[in-house]
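Taking it in order: structure first as structure tokens, then the write-up.
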Amino acid sequence: MDIQLPIMLSAGIIFILLFCFGLLSVKFKIPEVIIYILLGLVLASFLGDSHLLHLIGEIGIVLLFFMLGMEFPIKQLMKVAKKVTPAGTLDVLLNIGVSMIIVYFFGLGIIESLLIGGVVYATSSSITAKLLETSKRTANPESEFILGLLIFEDLVAPVLVAILVGLTAGTGVTAGSFTILLLKVVLLTAGAILLGQLLFSKLSRFFERYLSSDIFIMFVIGIALAYGGIALYLDLSEVLGAFLAGIMIAEVKKTEQLEHLIVPIRDLTLPLFFLWFGTTIEFGSGIPMIGLLITLSIWAIVAKIIVGIVGGRLYGLSKKVSVRAGFSLVQRGEFSIIIAALATTEVMVFSSVFILGTAMVGILLFQLAPKIANYFYPNKKPKKVKLPG
């Protein structure tokens, strides 16, 4: 019997379930991202294809990347990018480039290869930050490198999503269409930089005057959604637009105060995106392309370890600290999910299993990373000084 519940009642039940499963994630130290996706899998038959759920979840993703952008005024952005560029470039080459080649040799097309390469690419910022905090490793020397690499990935991620949205929206890819796509990205980025430098950098007093007002949150979120909407209008990704909107707002130099306004709304809406993603996964015909899945999962683990070890050395870390960093980067998460949501059903199911698998393995390796580093580079025991007589 098909029972239709009022939307208000359904919404209440969903939030109560998110709370209950969130408590489980805290108790068993499992990242909320994984818990919410699994909950979505369970509730898929009840929620169906909910456009409202998807819309609210998208607002959460927009606010996530908007807040990431707010962390980086233009000058600081250039400094961070320059310092971690060697490791970041290696990360792109191995996790996007080589992964694309592997997928292509398994018989998939160029766009599918780029999509799956995008899924493989980024370490989960939310899972990694949480693990650094709970393991009390934030003061360790590798933490600065790990966070810097995550920032580099956060810079590449919105652009990659924008390109993939453009490629998957059309019927074909030509040199001309790809050039137009890149021009749109440049135009959107240049617009954000100009607005930030010429307009928002001069609005400090305006922000100070109205920041404590209850209605000011509507202005700030309106900017995030509007610039994300402009990106969508240009057939790009709202993620890129939101990130650039954050960079614009960062020029006001009021990031900490603005975060206090946005965080509650982000934390309310973002879990719904992961829940929605879980509802889109269908294992009707089982897990597709198992051979590719195993091959790519192994490579994804190896590639991140290489990036951590080699990139860490390029960054200036010791051998032991670089090993510790390498085994702390395997977990994939929110960005991979955003990319997977652009794919066809088969690739989405494939990507979902990959994301859940690497997230769980990554959490385990993160916890073992100090022991692994000590195994390869044990602490030198102080020499005993022989006393005379």
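No value in this document is a laboratory result; all are computed from the given coordinates. Nothing here was measured: the structure is a model prediction, and the numbers come from that model. Here the Cβ positions follow ideal geometry from the backbone for every residue, glycine too, while neighbour counts run over all protein chains shown.
Points worth noting:
- For residue 237, the residues 5 or more places off, or on other chains, whose built amide H falls under 5 Å of its own are 162.
- Rounded D (µm²/s) - the range 271-360, Kirkwood Rh over Cα pairs, Stokes-Einstein at 20 °C, 1.002 mPa s: 149
- Cα-based equivalent ellipsoid of the range 193-240: semi-axis lengths in Å, sorted from largest, via gyration tensor: 24, 15, 6
- Distance (nanometres) between label positions extended 7 Å along Cα→Cβ at residue 135 and residue 71: 1.8
- Cα-based Kirkwood hydrodynamic radius, the range 75-228, one decimal, Å: 18.6
- FRET E, pair residue 193, residue 268, Förster distance 41 Å, beta-carbon r, rounded to 0.05: 0.85
- Dimensionless Rg ratio for the range 15-106, taking C-alpha atoms and the 2.2 N^0.38 Å reference: 1.54
- The distance between label points at residue 255 and residue 186 comes to 2.8 nm (points 7 Å beyond Cα on the Cα→Cβ vector).
- Overall, the ratio between the Cα radius of gyration of the range 224-377 and 2.2 N^0.38 Å, rounded to two decimals, is 1.28.
- For the range 51-96, the Kirkwood estimate of the hydrodynamic radius, built from every pair of different alpha carbons, is 12.9 Å.
- Comparing mean-square fluctuations of 47, 244, 329 from a GNM of the chain with C-alpha springs under 10 Å, the top value falls on 47.
- Note on residue 29 and residue 201: the model spin-label points, each 7 Å out from Cα along the C-beta direction, lie 4.5 nm apart.
- Sparse-neighbourhood loop sites, trypsin sites (Lys or Arg not before Pro) in the range 292-389 - DSSP loop, at most 10 other Cβ within 10 angstrom: 380, 383, 384, 386
- Taking 0.36 nm per residue of separation and subtracting the Cα-Cα distance, full extension of the segment from residue 233 to residue 217 would add 3.4 nm.
- Viscosity 1.002 mPa s, temperature 20 °C, Stokes-Einstein D of the range 76-163 from Kirkwood C-alpha radius, µm²/s: 152
- Total lysine pairs in the range 110-260 at Cα distances under 30 Å, for residues eight or more apart or on different chains: 9.
- Centroid-to-centroid separation of the range 77-156 and the range 4-24 [C-alpha atoms, Å]: 33
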